[in-house]
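A.B. asks: Got a structure for you, written out below as structure tokens; questions coming shortly.
The values are calculated or read from the model by the stated rules, or taken from the named source; none is laboratory data. Because the structure is a prediction, the values reported are computed rather than measured. So basically every Cβ, Gly included, is an ideal-geometry build from the backbone, and we count neighbours across all protein chains shown.
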């Protein structure tokens, strides 16, 4: 909810242009749901930029006011969705049961998923990080073979979202390695949590980090384009 229609399309167009020659970096954009159609048009024929939804609902159709259907996403050539983002969990009270229903629904409807997991400050202070991650990853682990390559994990510590705080490199390394060991499979694991151009390189140099989930910096064209170039050069 940072951008209006014109700025959303302008940002997507500039990212598409800047990404046309990428060879090592993949970019995924998840605009506000009201602008999916226009951003989809702006990204037409792009080979390096995919369109994602910030969320979806776990029913095909029905009286679910305010929700986004999988049919709507496919109408906009949207092939991937975020699920379990910390703001969905903690502001909108999405339970683990709801997120699991959404995961199952995406599996049945061939929608790729970026599953967000992470602990709150309170959980971290209580040394419950691994317990929380295990709970949030349990359903995905049980269905890994079915997901195949259509599942990406994003570790985003809740205490680092919108706070300006970034996890220490050692903490990122430990949490990412725990996720990979728990799943016992080599999946892409992204880091999200106040990622910016000045800390991106050190984060991406962590062996267990496959990429980043960018928050507020992603709506600032110069910052996001700089981050794409940093990633491409590594």
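A.B. asks: So, in the range 194-233, how many residues would count as being under 13 Å from the mean Cα position of the chain (by Cα) and over 21 Å from residue 3 (Cβ atoms)?
C.D. replies: 2
A.B. asks: Here's something else I'd like to know. Kindly provide the set of residues from the range 150-175 that are in a helix (DSSP H, G or I), over 17 Å from residue 82 (Cα atoms) and out of contact with any strand residue (DSSP E or B) (no Cβ under 6 Å at 6 or more places or on another chain), ordered by number.
C.D. replies: Restricting attention to the range 150-175, the residues satisfying the condition of being in a helix (DSSP H, G or I) are 158-160, 169-175.
Retained after the next criterion (residues that are over 17 Å from residue 82 (Cα atoms)): 159-160, 169-175.
159, 160, 169, 170, 171, 173, 174 - these are the residues of the range 150-175 that are in a helix (DSSP H, G or I), over 17 Å from residue 82 (Cα atoms) and out of contact with any strand residue (DSSP E or B) (no Cβ under 6 Å at 6 or more places or on another chain).
A.B. asks: Still on this structure, I have one more. Say we look at the range 161-179 and pick out the residues that are under 18 Å from the mean Cα position of the chain (by Cα) and in contact (Cβ under 8 Å) with a residue 40 or more places away in the chain; which of these is farthest from residue 208 (Cα to Cα)?
C.D. replies: 162
A.B. asks: So, in the range 63-90, of the ones that are over 21 Å from residue 36 (Cβ atoms) and surrounded by fewer than 14 Cβ atoms within 10 Å (Cβ to Cβ), which residue ends up modelled with the highest pLDDT?
C.D. replies: 63
A.B. asks: With the range 1-92 as the region, which helices (runs of 4 or more DSSP H) entirely inside it contain at least 1 residues that are over 26 Å from residue 133 (Cβ atoms)?
C.D. replies: 5-18, 36-42, 70-75
A.B. asks: While we're looking at this one, here's another question. Assess whether residue 185 counts as being more than 23 Å from residue 8 (Cβ to Cβ), modelled with pLDDT under 95 and more than 15 Å from the chain's Cα centre (by Cα). Don't jump to the end; show me each part of the working.
C.D. replies: On the way: more than 23 Å from residue 8 (Cβ to Cβ): yes; modelled with pLDDT under 95: yes; more than 15 Å from the chain's Cα centre (by Cα): yes.
Judged against the criteria, residue 185 is a match.
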